[in-house]
């Protein structure tokens, strides 16, 4: 059983996104299952080396990208998809603010729901 020590809210957005890595020729499609200031859970068809996440760009919308660094905390295969639990090692304050704004603008119902649930 996982020990839930998260203090920051996690937003379950299940949104298609793109991952771009320094050495990558083209972006890799993924699904951001949930995201917070501290990390995210993503799933994708490709199996990636853990160290590629040390510096990457996450594109959630045409006009919204985050430059991030993360460590893989856990990984599992679910229905031929690779699911990664990532803990951000690099996310600056402006990125956190932009993420809050993006969630608020696009997933407002979720923010309100989480607010009332106290989670």
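The values are calculated or read from the model by the stated rules, or taken from the named source; none is laboratory data. As the structure is a prediction and not an experimental result, all values here were calculated from the model. Neighbour counts are summed over all protein chains in view; Cβ atoms, including those assigned to glycine, are modelled from backbone coordinates with ideal geometry.
Condition (residue is more than 28 Å from residue 50 (Cβ to Cβ) and modelled with pLDDT under 95) applied to the stretch 66-89: is it met by at least one residue?
No, that holds for no residue.
So which of 62, 80 is touching a residue at least 24 places away in the same chain (Cβ under 8 Å), out of contact with any helix residue (DSSP H, G or I) (no Cβ under 6 Å at 6 or more places or on another chain) and loosely packed, with under 12 Cβ neighbours inside 10 Å?
Only one candidate qualifies: 80.
Limited to the stretch 90-112, what total is found for residues that are modelled with pLDDT under 90 and loosely packed, with under 13 Cβ neighbours inside 10 Å?
3
Quick test of your reading of the structure: residue 17 fulfils all but one of (1) modelled with pLDDT of 95 or more; (2) under 27 Å from residue 108 (Cα atoms); (3) in contact with a helix residue (DSSP H, G or I) (Cβ under 6 Å, 6 or more places away or on another chain). Name the failing condition by number.
Condition (3) is where residue 17 drops out.
With respect to residue 32, is the statement that it is crowded, with 16+ Cβ neighbours inside 10 Å, under 13 Å from the mean Cα position of the chain (by Cα) and in contact (Cβ under 8 Å) with a residue 40 or more places away in the chain true?
no
Any residue in the stretch 1-23 that's more than 14 Å from residue 60 (Cα to Cα): show its pairings with residues that are at pLDDT below 75 at Cβ separation under 9 Å, as long as the two are six or more apart or on different chains.
9/111; 9/114; 9/115; 9/119; 10/114; 10/119
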